[in-house]
Each structure stands twice: as C-alpha cells, then as structure tokens.
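Down below is the structure, laid out as structure tokens.
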C-alpha cells in the first residue's frame, strides 16, 4: 500500500475526469432548480427521470460488473434480485431483510461454486 | 449543551446534531459496507490511500468512483473515462433538483447551497425525501448538513478500512460487497416511490438499460434514464387525465 504516492498524475485525473464531470451536474441543478416548488408538474417528471436513471445504474452495476461479482454467473445475480425483492415484500417492506436475503444468495452461490 | 442556549425554538446547531444522529441508521451501515468494497478495489488497483479517501469525499458517488478507478487502471483515455463518469453522474442533476424544494435554500448563502448540493447522493436522497418533510422549514438546511456530514464521515472511514482489508476479504464477500449497492439502491427506490410515475420509472429504467446496452454506443444510462423516466411520466400522466372527470 501507498499513503500519498510520489506521482501527482492520479490526483490530477481525479479532479479533471472524476470530480468535475460529477460535480458539474450538482452545480447545474442549483441553477435549473431555483424557484421550483414541491408540487410542480416539472418536478414529477424530474423525479421520474432520477428514479429511472438510478434503476438503470442498478442494472448496470449488477449485470455489467467488475471484480469478484463478474465471476458469478448472471443467473445467480438474477436469483439474488428475485429473492431480495420477495423477502422485501414479504417482510412488510423491510429493506434490511431484502438486502440480507439477496446477499445470502450471492455469498452462498460464490462459496458453492468455489469462486476465488 | 451550554446553559446560554435557548431551549425553544431549536437552534441551528441543534438541528445539525439531529441530522448527525439521523445518519446513524441502516443507510449508513449499507453505505459503509459499500465503501469498504470501494476502498479495497482502490487498493487492488494500486492507488494511494490518500487518493482513495479524497475520491470518496470529493466525488461522493459510488458508481463514478468505481468507473474512475477502473478506467484509469485499464489505461483508457482520460476523455473516455471523463465521459463515462459524467454519464453515470447525470442522475445527480434530477436528484438535486427534486430535493431542492424541501431544503428551502432561498435565504441561504450560495456557498451553503453548493455544499448541500455536493452532499446529494443516493443514500442522502432517499433519507432526505423521507425525513425532511418532518423537519421545521428553518431547520432543514442544518439538519441536512448534519445528515450529510455523518454519512460522509462513515463512508470515508469505511474507505480506509476497505483499503487495509484489500486482499484479506475472501472473494465471496467481495462479490457480496459489490452487490450491496445494486440491491440497496433498488429496494430504496421502492421505499421512496410514491407516485405511479416513480414506480413505472423503476421498471423502465432497469429493463431499459438491459435493452439499451445492446446498442453498444455507451449512452445506455442516458437512454434508459431520460427515455424510461419520460415514458413513465407520460404514461402516469395519461392515466391521470383519463381518470379526471
């Protein structure tokens, strides 16, 4: 492990292609969103777009993953979603129960398949 | 608490502490576990510890963080990495816009507004939409700053823990840590979705991404998010208009 490293390049990359392309949307939101009220029709649309984009990020992270998750066959990841959602619904909308059930599938399947 | 502090109404610092306390809940635990995963990924790619911690604090968006570190390690061009990070973070715009009306920022310093906007990420968006309506209007900004500070502190600590645990965590558990963000995001969306348009948007966004990925031009997040969300809004609006007398 390295504490700071002697090369400044990764830090410049962090600011230019990590922080800037993320933060710019937050700044733009402050300009665009000024003066909107909680009940406006535009806000209903904006919330639908935010929700759809997050759901898309979920699908991207789960079905086009990196690291150890990529070694687990897609079917198991689908099963984890189905079991997690079922447990969430059965457990009277308990996020904790849903998360734990889905994770049990991921850990169980990884151990059973002997992924290393 | 000093005796000089007025007991009623609540002072701005009391709201801040209330926000800090609200950060100690399930989302902070999930967030910490997620950032343990991200910290260990950063260490695995050979990034310095200070870099990993700065990225957590300054980017404050898990997917963008993972895309950046993976992209830099793969040797992809900075422009390509920047565009992918930007696309993964477009969601922050509608998230901040939809939280703003709850914050009542009108009479606040612009710097405070920028800090509030920086704190917006999935966990605080979900918690903000849920908790802010219960807080008095004048206390919402300090409450939100307290909530954000608490979540950011736990995520940064977790990044360091993950960094040191890299290579020690068994692969089955690294897979589980990487799956935490998707399953938690998804269930959180179900808990915040009140309107029909929001519930439709979850399905259209999720399956829209899988469909849009077959195009292969790298813009699938945009198609599924903007297209899926607009379609969900349009269908819900149509149903509302039909039911109206």
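Throughout, read-outs are computed from the coordinates displayed, never taken from laboratory work. In this text, all values refer to a predicted model and were calculated from it rather than measured experimentally. Quick reminder, even Gly has a Cβ in these numbers, built from the backbone with ideal geometry, and neighbours come from all protein chains shown.
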So what is the 222 nm mean residue ellipticity for chain A from helices alone, if each DSSP H run of at least 4 adds -39500 (n - 2.57) and you divide by all residues, rounding to the nearest 500 deg cm²/dmol?
-> -22500 deg cm²/dmol
Among B:83-92, B:151-160, what's the highest-first ranking by average C-beta atoms within 10 angstrom per residue?
-> B:83-92, B:151-160
Any idea what the relative contact order of chain B is, in percent, if you count C-alpha pairs under 8 Å spaced at least 6 apart?
-> 31 percent
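Using Cβ contacts closer than 10 Å as the measure, can you line up B:45, A:88, B:233 from fewest to most?
By the 10 Å Cβ count, ascending, the order reads B:45, A:88, B:233.
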Under the definition of Cα pairs under 8 Å and six or more residues apart, what whole-number percent is the relative contact order of chain A?
-> 16 percent
Across the residues of B:70-83, average count of Cβ atoms on other protein chains within 10 Å?
-> 3
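With a ≥ b ≥ c taken as the square roots of the eigenvalues of the C-alpha gyration tensor of the protein assembly as shown, please select rounded if a/c is under 1.5 and otherwise prolate if a/b is larger than b/c or oblate if it is not?
On the way: a/c = 1.42, a/b = 1.14, b/c = 1.24.
Rounded.
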Of B:26-37, B:204-215, A:35-46, ordering from highest average Cβ density within 10 Å down gives B:26-37, B:204-215, A:35-46
Shielding by other protein chains, B:44-51, mean Cβ within 10 Å = 5
For the pair residue B:149 and residue B:191, how long in nm is the line joining their label points, each one 7 Å along Cα→Cβ?
-> 2.4 nm
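Any idea what the relative contact order of segment B:103-245 is, in percent, if you count C-alpha pairs under 8 Å spaced at least 6 apart? Could the numbers behind the result be given before it?
Values: 74 pairs, mean separation 27.7, N = 143.
With pairs under 8 Å counted, the relative contact order is 19 percent.
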Cα shape, chain B, gyration tensor, a/c 1.5 rule = oblate
Compute the Cα gyration tensor for segment A:38-113, then decide on rounded, prolate or oblate, letting a ≥ b ≥ c be the square roots of its eigenvalues: rounded whenever a/c is under 1.5, prolate when a/b is larger than b/c in the other cases, and oblate in all that remain.
-> oblate
At what distance in angstrom do the alpha carbon centres of segment B:108-148 and segment B:6-60 lie from each other?
-> 14 Å
